[in-house]
Amino acid sequence: MYFNEFVNNKCKELNMSINDLAKKSGIPKSTLSKITAGINTNPTLSTVEAICSALGCILNDAVGYENNKKAPTSGEDKRKEKLLKNYDTMNETGKDLLTAQSDYMVSKQEFLKIC
């Protein structure tokens with residue numbers, strides 16, 4: 001799937017207009033119109049990141065790295081993948097809080113696995 005198709009599909013799924021996306025992403029409507037029409041097929045990374053943030057997704061969702069991912073093989077792998085995906089969607093405050101909580105849990109014997 002091309003990036004413009006991803007953006008169009010995600011906007012449709014979220015019932016979000018180009019105007020809404022422009023306001024939420026900070027990207028000019030004219031730029032978004034060119035991207036969604038497939039005219040601009042090489043937006044900057046910062047533009048793609050802003051669009052992803054506005055659409056509530058991560059960069060990998062938008063650029064189609066699914067072929068490079070291996071399917072999780074265990075419950076532990078699925079938990080790791082979910083934790084990383086959640087982390088990628090957080091703002092800096094959320095990331096700091098999650099890191100602090102993780103540090104706290106690792107410091108407590110009751111949360112450590114026994115090898």
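Restricting attention to the range 14-52, the residues being under 23 Å from Asn91 (Cα atoms), assigned to a helix (DSSP H, G or I) and not aliphatic (A, V, I, L, M) number 8. For Asn68, are the conditions met, namely being modelled with pLDDT of 90 or more, exposed (fewer than 11 other Cβ atoms within 10 Å of the Cβ) and not small (Gly, Ala, Ser)? The answer is no for Asn68. For the range 25-40, name all the residues that are β-branched (Val, Ile, Thr) and within 17 Å of Lys10 (Cβ to Cβ). Ile27, Thr31, Ile35, Thr36, listed by residue number. Restricting the first member to the range 93-115 and to residues that are under 16 Å from Lys80 (Cα atoms) and assigned by TED's automatic domain parsing to the domain that holds Leu83, and the second to residues that are hydroxyl-bearing (Ser, Thr, Tyr) and assigned to a helix (DSSP H, G or I), the beta-carbon pairs closer than 7 Å and six or more apart or on different chains are Lys95/Tyr87; Leu98/Tyr87. Within the range 53-65, the set of residues being crowded, with 16+ Cβ neighbours inside 10 Å and either modelled with pLDDT of 90 or more or in a loop (DSSP other than H, G, I, E, B) (or both) comprises Ser53, Ala54, Leu55, Cys57, Ile58.
The values are calculated or read from the model by the stated rules, or taken from the named source; none is laboratory data. Given the structure is predicted, the values throughout are model-derived calculations rather than measurements. FYI the Cβ positions are ideal-geometry reconstructions off the backbone, even for glycines, and counts take in every protein chain you see.
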